[in-house]
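Participant: This is the structure I have questions about; it appears just below.
The values are calculated or read from the model by the stated rules, or taken from the named source; none is laboratory data. As the structure is a computational prediction, the values presented were derived from the model and not from experiment. Positions of Cβ are generated from backbone atoms using ideal geometry, with glycine treated the same way; all protein chains shown enter the neighbour counts.
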There are 2 protein chains.
Amino acid sequence: MNHIKAFGAKANDADLEELTIQRRELLPTDVHIEIDYCGVCHSDIHQVRNDWGNSKYPVVPGHEIIGHVVDLGSEVKNFKKGQVVGVGCMVDSCQECHSCEEGLEQYCENGMTATYNGKDKHLGGHTFGGYSENIIVDEKFVLSIPETLDIKAVPPLLCAGITTFSPLNQWKVQKGDKVGVVGLGGLGHMGIKFAQAMGAHVVMITTSPSKAEDAKRLGADEVLISKEAEQMKKHANSFDFILNTVPVGHDVNPYLNLLKRDKTMCLVGAIEPLKGVNGGGLIVKRKRLAGSLIGSIAETQEMLDFCSQHNIVSDVEMIDIQNINTAYSRVINSDVKYRFVIDMQSLKN
Amino acid sequence: MNHIKAFGAKANDADLEELTIQRRELLPTDVHIEIDYCGVCHSDIHQVRNDWGNSKYPVVPGHEIIGHVVDLGSEVKNFKKGQVVGVGCMVDSCQECHSCEEGLEQYCENGMTATYNGKDKHLGGHTFGGYSENIIVDEKFVLSIPETLDIKAVPPLLCAGITTFSPLNQWKVQKGDKVGVVGLGGLGHMGIKFAQAMGAHVVMITTSPSKAEDAKRLGADEVLISKEAEQMKKHANSFDFILNTVPVGHDVNPYLNLLKRDKTMCLVGAIEPLKGVNGGGLIVKRKRLAGSLIGSIAETQEMLDFCSQHNIVSDVEMIDIQNINTAYSRVINSDVKYRFVIDMQSLKN
């Protein structure tokens, strides 16, 4: 058993502070990763604050992990010491159900093991995330990071990236499609980059005119201010796909109204109840409202390779772990462009 | 100009009574149909009562029309005198937009012309439906009725039938699929018959245990009582497709929970706002909520041919037009199995 240094919250409403956690001994198919960088996801804050009512303390967050391999189990085939690797939102799944057999571990029928606050099959208790010195993960859940990418800016690809890439990929967004991205935050900024790289005509849809300039810098062809009735009317029934990254329950009807017949809006953020979805809005033009959860390990690797090909990384602001509580406040105030990444070297200070 | 006898409501809250309406002179591509039978759709009642706020009086309802050809315009190619034909929910569309060009007149970008309470392009004012002696319709909107079918029981196929056939057809329901039909009324009873004929394992989903026996008679393999939490849990994540025929806004979350990953529930009745749709319920297994509106003329003909092949008609109760107000009360109380059909011969009394 390894005792290591980490940062986490010991109770609901507590600030994050230094603490000690345990990692398991290396198993034959395990990869031992020393963590170099870890992204800060909004869901880290939800878990630390027990917003979803299922947190287990201490919570050590972090599921956008980039590091390098320091040790390998005897049976590991696909990684070597020193290699730069990543770990995203999952560290295990049952590997037996039909979803796992189809290579869709994120939809594991028996529940995938979340990187933190998941059920730890090896040590009992719950899993601890990437705000820590190292992590030990079965090689099936380890990603290869293309060497061409600036690795400081890669961590958010493992959650914000795959969460937006997967629906664009599954719904086969292609050259010439008119694609809307609702909401410009950690997820939205990646959605714009991917849709643009896939050849779509990208429309950033936002309530905030102040975000227009940045949206265009990120690759949006147009910006649609959703509070402007005339603009919304002009774009009615014209979108081939809409990626909705709004992280809370909201009124989706104005966005559904933007879709062409037979087209889909996919939710990736709002897990809460949506305000009265208008049945008629779906019926009258055979529209579809869907959801999507992160992506599989194979699709995450596909996304990383796509990023390498198109030179895509996240827009990040680097912080030391000692500033994590301030960073959380800034995330809540949408005061970050567009993702904080912790330089985990700072944990050694 | 022809002045003919009809039954309709002269104002909101008024009973239906005998009145006189006009039909246009026969145009070269028109079919003149003497009406033999007309189905009573729940939306007839909504329109008569102005529930949707867009009714124009007098309202002469009726969009499930079966009759025989008595005259033909000089350019009509596909029909002959004496032939049994049908007219459903539409009598015209722009024929120019991309939806019309794709053969999807029900989604006409300029608005299809509803059989009643639509905008009459020829006479001005609004269109009058099938509770009348005859109707004159462009041949593009006339259906051929297979001779093998009992024509008294055919009228509801033209609305309740196509409304349920189309989504089952579009989402490619096939042998072995587990298909749920929510709600057992005019639409639901047709949904069961079609899904069964397509080879699906059909589960009737209802709040009323009293409907179980009849559902099985109609072709359901199982009946799931949606108020029984244990039963609902047993069927969670197991359906390939759900056809939701509930005609009013309701809580769709328990039904979405029944779908397998990546599968769809399609609304065909509820045009009103739905109670807080749970975003998480869509996200966690990449599920889809969709809607569908009647069907195209081509697909309606396809359905009629499917009915002939599988010997499918509606379960109907025949009435005289003089009993229409009583029939409306019984529809509202769900006291009909499963559709009233008016014998239009009674209008001559």
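Participant: Tell me yes or no: at least one residue of the range B:174-191 is closer than 23 Å to A:Arg261 by Cβ, among the charged types (D, E, K, R) and without any contact (Cβ under 8 Å) to a residue 40 or more places away in the chain. I'd like the intermediate steps shown before the answer.
Facilitator: Step one: list which residues in the range B:174-191 are closer than 23 Å to A:Arg261 by Cβ, which gives B:187, B:191.
Within this subset, residues satisfying the condition of being among the charged types (D, E, K, R) are none.
Within the range B:174-191, none of the residues are closer than 23 Å to A:Arg261 by Cβ, among the charged types (D, E, K, R) and without any contact (Cβ under 8 Å) to a residue 40 or more places away in the chain.
Participant: Let me ask something additional. With respect to the numbered conditions (1) of a type in the set (S, T, N, Q); (2) free of Cβ contacts under 8 Å to residues at least 60 places away in the same chain; (3) touching a His at 6+ places or on another chain (Cβ under 7 Å), which one is the sole condition not fulfilled by A:Ser93?
Facilitator: Among (1) of a type in the set (S, T, N, Q); (2) free of Cβ contacts under 8 Å to residues at least 60 places away in the same chain; (3) touching a His at 6+ places or on another chain (Cβ under 7 Å), the lone unmet condition for A:Ser93 is (3).
Participant: Those residues that are assigned to a helix (DSSP H, G or I) and not hydrophobic (A, V, I, L, M, F, W, C), I need them from the range B:94-151; list them, please. Spell out how you get there, then give the answer.
Facilitator: Kept after step one, since they are assigned to a helix (DSSP H, G or I), are these residues of the range B:94-151: B:98-101, B:105-107, B:139-141, B:151.
Selection gives B:His98, B:Ser99, B:Glu101, B:Glu105, B:Gln106, B:Tyr107, B:Glu139, B:Lys140.
Participant: Does A:Lys285 satisfy the condition of being of a type outside the set (Val, Ile, Thr), crowded, with 17+ Cβ neighbours inside 10 Å and touching a residue at least 40 places away in the same chain (Cβ under 8 Å)? Steps first, please.
Facilitator: Values: of a type outside the set (Val, Ile, Thr): yes; crowded, with 17+ Cβ neighbours inside 10 Å: yes; touching a residue at least 40 places away in the same chain (Cβ under 8 Å): yes.
The answer is yes for A:Lys285.
Participant: I've got another one for you. Return the pair list, or none, for Cβ contacts closer than 9 Å from residues in the range A:304-316 that are on the phi < 0 side of the Ramachandran plot and outside the structural domain of A:Val142 (by TED's automatic domain parsing) to residues that are surrounded by 15 or more Cβ atoms within 10 Å (Cβ to Cβ) and modelled with pLDDT under 95, at least 6 apart or on different chains.
Facilitator: Cβ pairs passing all conditions: none.
Participant: Working carefully through the options A:Gly73, A:Gly62, A:Gly53, A:Gly82, find the one that is farther than 21 Å from A:Glu302 by Cα, touching a strand residue (DSSP E or B) at 6+ places or on another chain (Cβ under 7 Å) and surrounded by fewer than 12 Cβ atoms within 10 Å (Cβ to Cβ).
Facilitator: Details: A:Gly73 fails: surrounded by fewer than 12 Cβ atoms within 10 Å (Cβ to Cβ); A:Gly62 fails: surrounded by fewer than 12 Cβ atoms within 10 Å (Cβ to Cβ); A:Gly53 fails: touching a strand residue (DSSP E or B) at 6+ places or on another chain (Cβ under 7 Å).
Step by step, each of A:Gly73, A:Gly62, A:Gly53, A:Gly82 is checked, and only A:Gly82 is farther than 21 Å from A:Glu302 by Cα, touching a strand residue (DSSP E or B) at 6+ places or on another chain (Cβ under 7 Å) and surrounded by fewer than 12 Cβ atoms within 10 Å (Cβ to Cβ).
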